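Engineer: This is the structure I have questions about; it appears just below.
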Amino acid sequence: MNEISPLHPRAESLRTREKLVKGFRAGLVVPEGLAAHGRGEAFDYILGERTNEQAKKAIKAAAAALISAKNPVISVNGNVAALVPKEVVEISKITGAKIEVNLFHGSRKRERAIARWLHEHGAKEVLGVDPKFFTKIKEIQSNRRKVDIRGIASADVVLVPLEDGDRTEALRRSGKTVIAIDLNPMSRTAQAANITIVDNVVRAMPLLIEHAKRLSKRSQNNFKGIRIFNNESNIRATLKLMFKRLKALSSK
Ligand code: ATP
Ligand code: MG
């Protein structure tokens, strides 16, 4: 594989792709995951490949929701494992969230490979791999209805970096607070989540860690204000930002 020059204007984006390709070769990522990433990249291009103010607000709200949750869980799929394994482990340590492997295109082999990969990155416990603890979320048709009774099934807050719309809607219906990271503000995932971070997972996760660390040092009463967050209006503001960028580019 060619070295990516740091001077390349898309260096960061190319490095991210390389991580996914490596993850694909290691059996963590499926071909569909590569396509899903491409769809995300298109939205990132419109957003200017940087974390915007709306995403920062959502990240703060997400950090507060995770820190104050009783049983928070981070749902990990192949792309998340390939792109941000260390960050998943770190956010789990700071917030006490459990880590659960949950795949749309599932196979026992891939589940185990992802769990192994997360263990290599410091995870103590990874749920979603032991059939003894499997149960099903009603109303979901895909393989992702399978969840761990110790994890997503009993969670109050679920962080789903990169999720499918069907499942986000079902998680909401089952009364959970859902935090999604999704570059497409129009997706069903983005629309259905309680807190939607419209940003690239590779930029959002380190910021989420930073905020969670900060909040974990404060007393609960001190961050009530951060929980006042309106997802709908935040998404609307993100769409306006995209529109503004496209308008500026088209009227040059
Ligand atoms: P939905 O199921 O929510 O209606 P969809 O079917 O269009 O949406 P999926 O195929 O389920 O989308 O998931 C792909 C989506 O994941 C992309 O459109 C993108 O928004 C998001 N995505 C992919 N890679 C990233 C990434 N690195 N960071 C953030 N979001 C990403
Ligand atoms: Mg989908």
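The values are calculated or read from the model by the stated rules, or taken from the named source; none is laboratory data. Everything numeric in this text was worked out from a predicted model, so none of it was measured. Here the Cβ is made from the backbone with ideal geometry for all residues, glycine too, and neighbour counts use every protein chain on show. All accessible areas refer to the heavy atoms of the entire protein, side chains included, with ligands and DNA or RNA removed. Shrake-Rupley method; radii C 1.70, N 1.55, O 1.52, S 1.80 Å.
Engineer: Among the strands (runs of 3 or more DSSP E) contained in the range 149-252, which hold 2 or more residues that are in contact with a Leu (Cβ under 7 Å, 6 or more places away or on another chain), modelled with pLDDT of 95 or more and within 16 Å of ligand 2 (Cβ to nearest atom)?
Structural biologist: Working: elements: 157-161, 177-181, 195-197.
Of the strands (runs of 3 or more DSSP E) lying wholly inside the range 149-252, those with at least 2 residues that are in contact with a Leu (Cβ under 7 Å, 6 or more places away or on another chain), modelled with pLDDT of 95 or more and within 16 Å of ligand 2 (Cβ to nearest atom) span 177-181.
Engineer: If you scan the range 111-140, which residues turn out to be open to solvent by less than 90 Å² (accessible area, probe 1.4 Å), more than 18 Å from VAL80 (Cβ to Cβ) and in a strand (DSSP E or B)?
Structural biologist: PHE134, THR135
The rows are residues; the columns are (1) within 16 Å of ligand 1 (Cβ to nearest atom); (2) open to solvent by 20 Å² or more (accessible area, probe 1.4 Å); (3) in a strand (DSSP E or B).
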{"site": "ALA81", "(1), (2), (3)": "yes, no, no"}
{"site": "VAL89", "(1), (2), (3)": "no, no, no"}
{"site": "GLY106", "(1), (2), (3)": "yes, yes, no"}
{"site": "LYS109", "(1), (2), (3)": "no, yes, no"}
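Engineer: Still on this structure: Could we say that VAL73 is out of contact with any Phe, Trp or Tyr (no Cβ under 7 Å at 6 or more places or on another chain) and either aromatic (Phe, Trp, Tyr) or surrounded by fewer than 22 Cβ atoms within 10 Å (Cβ to Cβ) (or both) here?
Structural biologist: Details: out of contact with any Phe, Trp or Tyr (no Cβ under 7 Å at 6 or more places or on another chain): yes; either aromatic (Phe, Trp, Tyr) or surrounded by fewer than 22 Cβ atoms within 10 Å (Cβ to Cβ) (or both): no.
When the stated conditions are applied, VAL73 does not pass them.
Engineer: Continuing with the same structure: Looking for whichever is farther than 30 Å from LYS247 by Cα, under 18 Å from the mean Cα position of the chain (by Cα) and not in a loop (DSSP other than H, G, I, E, B) here; the options are LYS22, LYS57, LYS93. Which one fits?
Structural biologist: Result: LYS93 is the single residue among LYS22, LYS57, LYS93 that is farther than 30 Å from LYS247 by Cα, under 18 Å from the mean Cα position of the chain (by Cα) and not in a loop (DSSP other than H, G, I, E, B).
Engineer: Please count how many residues of the range 157-189 are open to solvent by 50 Å² or more (accessible area, probe 1.4 Å) and more than 11 Å from ligand 1 (Cβ to nearest atom).
Structural biologist: 4
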